[in-house]
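S.K.: What follows is a single structure, and I will ask about it in a moment.
Values in this text are rule-based calculations from the coordinates and carry no lab data. The shown structure was predicted, so the numbers you read here are calculated from the model rather than taken from an experiment. Every residue, glycine as well, gets a Cβ built from its backbone with ideal geometry; the counts of neighbours run over all protein chains shown.
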């Protein structure tokens, strides 16, 4: 037996806004729940796994993430995808990464780090 990864939870000051950012990044539909949280999945169905769930918290992010998401360009090269992510509200960040790595470290609108990898997936 083994556990199954079904949900990734991200704390957020504004769950709906952050879900919309990540929904645009991944091309996934957003669902806002009446209980104050929002979630996304590849199909928009709550049975699709994994889901990313954005839950409200009162405190702001204060330190570097211990876990982060990586995304790959799809249908475009890394430079074009970087421009799209920056236009959506991502920001470049320095977490001490080497300058010779093939990924780019970014932060979402609430400061959560993620990486844009160098290889293209089609």
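S.K.: Kindly express, to the nearest 10 degrees and within the range 0 to 90, the angle between helix 78-88's C-alpha long axis and the longest C-alpha principal axis of the chain.
M.R.: It is inclined by approximately 50 degrees.
S.K.: Taking square-rooted eigenvalues a ≥ b ≥ c of the alpha carbon gyration tensor, is the stretch 1-59 rounded, prolate or oblate, where a/c under 1.5 means rounded and, failing that, a/b exceeding b/c means prolate?
M.R.: Verdict is oblate for the stretch 1-59.
S.K.: On to the next question. Could I have the simple spin-label model distance between residue 76 and residue 98, label points 7 Å from Cα toward Cβ, reported in nm to one decimal?
M.R.: With each label point 7 Å from Cα toward Cβ, the separation is 2.9 nm.
S.K.: Just subtract the alpha-carbon distance of residue 49 and residue 67 from 0.36 nm times their residue separation and send over the number in nm, one decimal.
M.R.: 4.7 nm
S.K.: Rounded to the nearest 500, what is the 222 nm mean residue ellipticity of the chain from helices alone, with -39500 (n - 2.57) per DSSP H run of 4+ residues and division by all residues?
M.R.: So the calculated ellipticity at 222 nm is -6000 deg cm²/dmol.
S.K.: Further, regarding this structure: Would you mind classifying the stretch 68-122 by shape? Square roots of the alpha carbon gyration tensor eigenvalues, ordered a ≥ b ≥ c; an a/c under 1.5 is rounded, otherwise it is prolate if a/b is larger than b/c and oblate if not.
M.R.: oblate
S.K.: Determine which residues of the stretch 57-97 fall in the zone a paramagnetic label at residue 11 would reach in this model, i.e. backbone nitrogen under 17 Å from the point 7 Å along Cα→Cβ.
M.R.: From the stretch 57-97, the list is 57-69.
S.K.: Could you tell me the relative contact order of the chain? Use alpha-carbon pairs under 8 Å, at least six residues apart, and round to a whole percent.
M.R.: It comes to 25 percent, rounded to a whole number.
S.K.: Further, regarding this structure: Using the count of nearby Cβ atoms within 10 Å as a rough guide to exposure, how do 14, 70 rank from fewest to most?
M.R.: 70, 14
S.K.: If r is the Cβ-Cβ distance from residue 35 to residue 60 and R0 is 25 Å, what FRET efficiency results, to the nearest 0.05?
M.R.: The pair residue 35/residue 60 has a calculated efficiency of 0.70.
S.K.: Using Cβ contacts closer than 10 Å as the measure, can you line up 116, 69 from fewest to most?
M.R.: Placing the least packed residue first, the sequence is 69, 116.
S.K.: Would you please give the FRET efficiency between residue 117 and residue 1, computed as 1/(1 + (r/R0)^6) with r the Cβ-Cβ distance and R0 = 35 Å, to the nearest 0.05?
M.R.: Between residue 117 and residue 1 the formula returns 0.65.
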